[in-house]
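To keep things clear, I will list the structure first and then write my remarks on it.
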Amino acid sequence: MSSFELFAAKLFPLEGGFSDDPNDRGGATNRGVTIDTWRQAGYDKDGDDDIDREDIRLLSVEDCMNLLRYNYWNRWRGDEIRDQRVAFIRNIIRNDPTQKRFEKGWMNRVNEFI
């Protein structure tokens with residue numbers, strides 16, 4: 001069976017910290033949490049009445065773990081996944097070929113789980 005703690009411990013170092021790559025459709029991202037996802041969470045980290053790239057920069061590991069667990073892991077029923085290596089990278093690229101530039105990094109992440 002899969003473990004959220006193992007998943008998060010592997011995922012966050014691979015995702016890295018804050019980035020705002022103009023070629024990444026996710027925009028400002030921290031530990032894999034995109035600005036759009038954080039806006040859906042609705043939490044203004046810096047209290048300036050908007051949710052922007054500075055809020056993403058301020059995300060803690062705990063913030064990201066909570067969002068990952070409740071918005072994704074639980075929805076995926078992650079505790080029931082038998083193989084920690086489940087991945088769907090090729091499907092992402094097939095649906096949007098512009099994402100191919102991220103394939104190597106994604107595959108490196110998958111290999112970390114093997």
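As a test of the formula, what do you get for the chain when each DSSP H run with n ≥ 4 contributes -39,500 (n - 2.57) and the sum is divided by the residue count, at 222 nm and rounded to the nearest 500 deg cm²/dmol? Don't skip to the end; give the middle numbers.
Numbers: 6 runs with 50 residues, N = 114.
-12000 deg cm²/dmol, from helical runs alone.
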Notebook entry, point to check: Spin-label point model (7 Å from Cα, Cβ direction): what's the R57 to D79 distance in nm?
Noted result: 3.8 nm
Item checked: Residues in the range 1-31 that a label on N111 would reach, taking backbone N under 16 Å of a point 7 Å out along Cα→Cβ -> 14-15
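Taking the highest mean first, how do the peptides 6-13, 32-39 order by number of other beta carbon atoms within 10 angstrom per residue? Don't skip to the answer; put the middle values down first.
Values: 6-13: 14.9, 32-39: 17.5.
Top to bottom by mean Cβ count within 10 Å: 32-39, 6-13.
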Next item on the list: Would you look at the GNM of the chain, springs on alpha carbons closer than 10 Å, and say which of E54, E15, E62 moves the most?
Entry: E62
Margin query: Straight-line reach only, C-alpha to C-alpha below 19 angstrom: list the lysines that K10 could link to, leaving out same-chain residues fewer than 8 apart.
Written below: K104
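Assign unit charges at the C-beta atoms only (+1 for Lys and Arg, -1 for Asp and Glu), then state the dipole size of the chain relative to its Cα centre in Debye, rounded to the nearest 20.
900 debye
The numbers here are math on the coordinates, done by the rules we state, and not lab data. Just so we're clear, the structure is a prediction, and the values are computed from it rather than from any experiment. So basically every Cβ, Gly included, is an ideal-geometry build from the backbone, and we count neighbours across all protein chains shown.
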